[in-house]
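Peer 1: Supplied in structure tokens, the structure appears directly below.
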Amino acid sequence: MIRNAILATTLIAGLTAGASAETLNVGSTPTGVPFTFLDVETNQIQGMMVDLITAVGEEAGFDVNVQPMDFASLIPALTSNRIDIISAAMLATDARKEVIDFSDPVMPYGEGIVVPADGATSISADFSELQGQVIGVQQGTVYLENLQGSDVFSEVRVYDSLADILAEVDRGRIAAGMGDRPIIAYQLSEGRYSNIELADYESQYVGSVGLGVRKDSAELLERLNAALATLKERGTVDELAAKWGLQ
């Protein structure tokens, strides 16, 4: 009897030790520092939103497999079941909410405009200072449609990444670029571009970044929101934002 009990206990312990946590596939981008970026030394996606989804997973009881992809590919990858969660610098806009669901807000932010250091340092909401000029914007962002609907610019040039836009303005190939203000500010603070600066401009499209899930993932969304609430109350979200220079 004792021997059987020992064997049973050993078997249960072995099964428990061998059990693995649920793993969810997370879509993120290699170009969105400090929210997300590719660490060339480790060849892994890192950043605030990677740290956040990792912490959320630990709190909610799942592991994460972070997969790099272009920003414009994130929602198609989610809706086609190639990933389970989007964790990137993605604003929860009304248009996107028609296609996917978002978690409770993680943090708010808006857009910024980068210009040559010797260019227009103040840009108004109607962009009149850029009349007849070329402006760059990233494919798949909320800013693209708004800029394309304006008759101010001679051309709205579309790029795959914000880094491409900043490089184009830095080289004098376009007059201005629009993108997520905290990402632009972080990259400029790193001294990566010497010929450009953030214009004095008031964001017009302020929203909140959130974690994205499919419309049929109500249970997962509930788990994400519960974990987020705990992490906010614990101060973890603020700590992560501060770590990546977003506060």
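The values are calculated or read from the model by the stated rules, or taken from the named source; none is laboratory data. Because the structure is predicted, anything quoted here is derived from the model rather than measured. Positions of Cβ are generated from backbone atoms using ideal geometry, with glycine treated the same way; all protein chains shown enter the neighbour counts. We work out accessible area using only protein heavy atoms, side chains counted, and drop any ligands, DNA or RNA first. Shrake-Rupley method; radii C 1.70, N 1.55, O 1.52, S 1.80 Å.
Peer 1: Across region 50-74, which residue is modelled with the highest pLDDT among those that are open to solvent by 40 Å² or more (accessible area, probe 1.4 Å) and assigned to a loop (DSSP other than H, G, I, E, B)?
Peer 2: In this case the residue turns out to be Gly61.
Peer 1: Among the residues of region 77-97, what is the count of those that are open to solvent by 30 Å² or more (accessible area, probe 1.4 Å), of a type in the set (D, E, K, R) and in contact (Cβ under 8 Å) with a residue 24 or more places away in the chain?
Peer 2: Residues meeting the conditions: 2.
Peer 1: Restricting to region 127-173, and then to whatever is under 19 Å from Leu198 (Cα atoms) and among the charged types (D, E, K, R), can you tell me which residue is nearest to the chain's Cα centre (by Cα)?
Peer 2: Among those that are under 19 Å from Leu198 (Cα atoms) and among the charged types (D, E, K, R), it is Asp164.
Peer 1: Mind checking which residues of region 75-101 are within 13 Å of the chain's Cα centre (by Cα), at pLDDT 95 or above and within 18 Å of Asp51 (Cα to Cα)?
Peer 2: Within region 75-101, Ile85, Ile86, Ser87, Ala88 qualify.
Peer 1: Now for a separate question. When residues of region 205-221 are filtered for being exposed (fewer than 13 other Cβ atoms within 10 Å of the Cβ) and part of a loop (DSSP other than H, G, I, E, B), how many remain? Walk me through how you get there before you give the answer.
Peer 2: Filtering region 205-221 down to residues exposed (fewer than 13 other Cβ atoms within 10 Å of the Cβ) leaves 206, 216, 218-219.
From the residues that got through so far, the ones that are part of a loop (DSSP other than H, G, I, E, B) too are 206, 216.
So the count comes out to 2.
Peer 1: Are any residues in region 165-198 of a type in the set (Gly, Ala, Ser) and either closer than 19 Å to Gln148 by Cα or in contact with a Ser or Thr (Cβ under 6 Å, 6 or more places away or on another chain) (or both), and if so, which ones?
Peer 2: Taking region 165-198 and keeping what is of a type in the set (Gly, Ala, Ser), we get 167, 172, 175-177, 179, 185, 189, 191, 194.
Of everything in region 165-198, those that are of a type in the set (Gly, Ala, Ser) and either closer than 19 Å to Gln148 by Cα or in contact with a Ser or Thr (Cβ under 6 Å, 6 or more places away or on another chain) (or both) turn out to be Ala175, Ala176, Gly177, Gly179.
Peer 1: Testing Asp39 on (1) of a type outside the set (Ser, Thr, Tyr); (2) at pLDDT below 95; (3) over 11 Å from Ser28 (Cα atoms); (4) touching a Gly at 6+ places or on another chain (Cβ under 7 Å), one condition comes back false. Which one is that?
Peer 2: (4)
Peer 1: Of the residues in region 129-147, how many are open to solvent by less than 60 Å² (accessible area, probe 1.4 Å) and either touching a residue at least 24 places away in the same chain (Cβ under 8 Å) or part of a loop (DSSP other than H, G, I, E, B) (or both)? Even if it seems obvious, please write down each step before you answer.
Peer 2: First, the residues of region 129-147 that are open to solvent by less than 60 Å² (accessible area, probe 1.4 Å): 130, 132, 134-138, 140-144, 147.
After this cut, where a residue has to be either touching a residue at least 24 places away in the same chain (Cβ under 8 Å) or part of a loop (DSSP other than H, G, I, E, B) (or both) as well, the list is 130, 132, 134-138, 140-143, 147.
Count: 12.
Peer 1: From the list Ser150, Ser124, Ser194, pick out the single residue that is surrounded by fewer than 17 Cβ atoms within 10 Å (Cβ to Cβ) and either in contact with a strand residue (DSSP E or B) (Cβ under 9 Å, 6 or more places away or on another chain) or not in a loop (DSSP other than H, G, I, E, B) (or both).
Peer 2: Working: Ser124 fails: either in contact with a strand residue (DSSP E or B) (Cβ under 9 Å, 6 or more places away or on another chain) or not in a loop (DSSP other than H, G, I, E, B) (or both); Ser194 fails: either in contact with a strand residue (DSSP E or B) (Cβ under 9 Å, 6 or more places away or on another chain) or not in a loop (DSSP other than H, G, I, E, B) (or both).
On inspection, the qualifying residue turns out to be Ser150.
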